[in-house]
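Everything on this sheet refers to the single structure shown next.
The values are calculated or read from the model by the stated rules, or taken from the named source; none is laboratory data. Here the structure is a predicted model, which means the values were calculated and not measured. Here Cβ is always computed from backbone atoms with ideal geometry, including for glycine, and neighbour counts include all displayed protein chains. In case anyone asks, the SASA skips ligands and DNA or RNA and just uses the protein heavy atoms, side chains included. Shrake-Rupley method; radii C 1.70, N 1.55, O 1.52, S 1.80 Å.
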Amino acid sequence: QTVVTQEPSFSVSPGGTVTLTCGLSSGSVSASYYPSWYQQTPGQPPRTLIYSTNARSSGVPDRFSGSILGNKAALTITGAQADDESDYYCVLYMGSGIWVFGGGTELTVL
Amino acid sequence: QITLKESGPTLVKPTQTLTLTCTFSGFSLSTSGVGVVWIRQPPGKALEWLALIYWDDDKRYSPSLKSRLTITKDTSKNQVVLTMTNMDPVDTATYFCAHGTSNTYYRPAKWGQGTLVTVSS
């Protein structure tokens, strides 16, 4: 059973930079997993931020960026703002149309 | 403009079968390279990918739930139906449907608002 790992929680100061990561319980994340990132606020469906490692979805500010760092996918928020306080989910492509979500990271901005 | 809306019962009893409908607009499931995905999220917990139906009626299921899930489409009605058998309280969740395309490997891109299903006797 493939497990996608994320930090359960993270904190960042307003204006600061934070990097959230997305890994695999066994193995390394590469671009061939097409890592994608979603932002979710309470009561709302997830909103795509980044897809295919580093492609920014339409309307997403450029302070959100995606990359591969070492053996994990990463979402970096530069110049964090109060309304970035949300849950962030990564999802990895396992092939044959199947995706697996990570456990999510609760980001606090304070 | 692509929109999706989930509908179905808000409460089901344990052991019952859940049937959810995703009604969409702004695209056709008969168009090559289009798919509809189901995802769920228990209250306060993470998202879980459930199933995908392709434009050509091919289907994919989460390995851990495959035995309980069936996904079908009615192209004429612009609907996708997900059934889940033998419901249990742990299946209590908000169920989302989403649109995906082949150029991003049917990643859930545009989501519906979701529908909360509670499993309780």
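Counting only Cα atoms, I'd like the Rg/Rh figure for chain B, Kirkwood definition for Rh.
0.95
Which of A:32, A:55, A:12 sits farthest toward the positive end of the charge dipole of segment A:1-92, with +1 on the Cβ of Lys and Arg and -1 on the Cβ of Asp and Glu?
Value computed over the given set: A:32.
Protein chains only, probe 1.4 Å: how do B:107, A:63, A:47, B:60 rank by accessible area, largest first?
A:47, B:60, A:63, B:107
Could you give the accessible area per residue of the protein assembly as shown, probe 1.4 Å, as a whole number in Å²?
On a per-residue basis, 44 Å².
Taking chain B, how many lysine pairs are there with alpha carbons less than 16 Å apart, if each pair must be eight or more places apart or span two chains?
Eligible lysine pairs with Cα atoms under 16 Å apart amount to 4.
Just for chain B, what percent of DSSP beta bridges are antiparallel, to the closest 5?
95 percent
Hey, rough spin-label estimate for residue A:47 and residue B:85, points 7 angstrom out along Cα→Cβ, what's it come to in nanometres?
Distance between the two pseudo-spin positions: 4.1 nm.
What are the ³J(HN,Hα) couplings of segment A:18-33, residue after residue, when phi is run through the Karplus curve with 6.51, -1.76, 1.60 and θ = phi - 60°? Round to Hz, x for glycine and proline.
9, 10, 9, 10, 9, x, 10, 4, 9, x, 10, 8, 10, 4, 6, 8
How high is the relative contact order of segment A:20-68, in percent, with contacts defined as C-alpha pairs under 8 Å that are six or more residues apart?
Taking the mean separation of contacting Cα pairs over the length of segment A:20-68, I get 27 percent.
Would you work out the relative contact order for chain B, in percent, from Cα pairs under 8 angstrom that are 6 or more residues apart?
Over chain B, the number comes to 36 percent.
Place +1 on the Cβ of every Lys and Arg and -1 on the Cβ of every Asp and Glu in chain B, take the dipole about the Cα centre, and give the residue among B:42, B:1, B:97 whose Cα lies farthest towards its positive end.
In chain B, that residue is B:42.
Using the Cα centre of chain A as the reference point, and only Cβ charges (+1 on K/R, -1 on D/E), how large is the resulting charge dipole? Debye, rounded to the nearest 20.
300 debye
What is the Å³ per residue value for the convex hull set by the Cα atoms of segment B:20-88?
About 103 Å³ per residue, rounded to a whole number.
Quantify how much of the Cα-Cα distance distribution of segment A:33-102 extends past 19 Å, in percent.
Percentage above 19 Å: 30.
Given an 8 Å cut-off on Cα distances and at least 6 residues of separation, report the relative contact order of chain A as a percent.
37 percent
Using only Cα atoms, locate the centre of segment A:1-70 and the centre of segment B:12-76, then give the distance between them in Å, rounded to an integer.
Each part's Cα centre sits 24 Å from the other's.
Can you work out the FRET efficiency for the pair residue B:76 and residue A:62, with r the C-beta to C-beta distance and R0 = 35 Å, to the nearest 0.05?
About 0.25, to the nearest 0.05.
Which of the three applies to segment A:57-97, rounded, prolate or oblate, going by the alpha-carbon gyration tensor with a ≥ b ≥ c and a/c under 1.5 meaning rounded?
It comes out prolate by the Cα gyration axes.
Can you compute the FRET efficiency between residue B:11 and residue A:17 using 1/(1 + (r/R0)^6), with r the Cβ-Cβ distance and R0 = 45 Å? Round to the nearest 0.05.
For residue B:11 and residue A:17, the calculated efficiency is 0.50.
Out of segment A:1-95, which chymotrypsin sites (Phe, Trp or Tyr not before Pro) are coil in DSSP terms and have no more than 13 other C-beta atoms within 10 Å?
Here no chymotrypsin sites (Phe, Trp or Tyr not before Pro) fit, given the DSSP loop and packing criteria.
Rg and Dmax of the protein assembly as shown over Cα atoms: what are they, in angstrom?
Over the protein assembly as shown's Cα set, Rg and Dmax evaluate to 17.4, 51 Å.
Under 10 Å, Cα contacts only: if you run a Gaussian network model on chain B, which one of B:86, B:103, B:78 comes out with the highest mean-square fluctuation?
Of B:86, B:103, B:78, the most mobile in the Gaussian network model is B:103.
How far apart, in nanometres, would the label points at residue A:5 and residue B:3 be if each is projected 7 angstrom from Cα along the Cα-to-Cβ direction?
Modelled inter-label distance: 4.3 nm.
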